[in-house]
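Encoded as structure tokens, the structure appears first; notes follow it.
The values are calculated or read from the model by the stated rules, or taken from the named source; none is laboratory data. Computed from a predicted structure; not experimentally measured. Glycine gets a Cβ as well: all are built from the backbone with ideal geometry, and neighbour counts include every protein chain shown. Heads up: the accessible areas ignore ligands, DNA and RNA and are worked out on the full protein's heavy atoms, side chains in. Shrake-Rupley method; radii C 1.70, N 1.55, O 1.52, S 1.80 Å.
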Amino acid sequence: MASSRIDQMDWIGEIPQFLLSVLTPVVAGGVGAAATAESLRTWYPTLKKPSFNPPNWIFGPVWSTLYLLMGIAHYLVSRQSPDEAVARQAQLWYWLQLCLNALWSLLFFGRRSPLAALVEIVCLWIAIVLTILTFARISRRAALLLVPYLLWVSFAAVLNGAIWHLNA
């Protein structure tokens, strides 16, 4: 009986770290959303888009889900770092990809530069792959949680390239 109570207390003590891990990508997404809002109403509708461009309403739920998965993955890796050097590397790639994620919106929507955003999204894609690889050395589950993010960014890169091409 006492053991299960201690286990519950340990779990309760993890809540702040879990919330911080989950909310951090949401904040990064908020930075991107702030850069997106005006251009989404004014500039983006004027662009030529490929036939496979999804409806605008899909982006919010997809990104919310991806940010949640990123946060959970980060939490898992933060809790299970057996090797300090690998843990530092994983954290470095995670934070870099998160910054690049926010930067994409600033370039595409804020600066209204599909070309700059296209170059940047290639860097983001590489950073996500490296994040997944380093996370996998710590937690296979955490790495797998980032796969939908990589797939979505792959699609976003193709979409970004098509928009740039159609509007160049």
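Size of region 68-168: Rg and Dmax of its alpha carbons, in Å, are 14.6, 49.
Mind giving me the nanometre distance, one decimal, between the label points for Leu92 and Lys48, set 7 Å out from Cα along Cα→Cβ? Between Leu92 and Lys48, the label points sit 4.3 nm apart. Computed over neighbours whose Cβ is under 15 Å from that of Tyr44, the net charge equals +4, Lys and Arg +1, Asp and Glu -1. Helices in the chain, meaning DSSP H runs of at least 4 residues, each add -39500 (n - 2.57). Divided by all residues, the mean residue ellipticity at 222 nm is -27500 deg cm²/dmol. Excluding ligands, DNA and RNA, the accessible surface per residue across region 16-118 is 54 Å² with a 1.4 Å probe. Here, region 1-144 is characterised by an Rg to Rh ratio of 1.07, where Rg is the alpha-carbon radius of gyration and Rh the Kirkwood radius.
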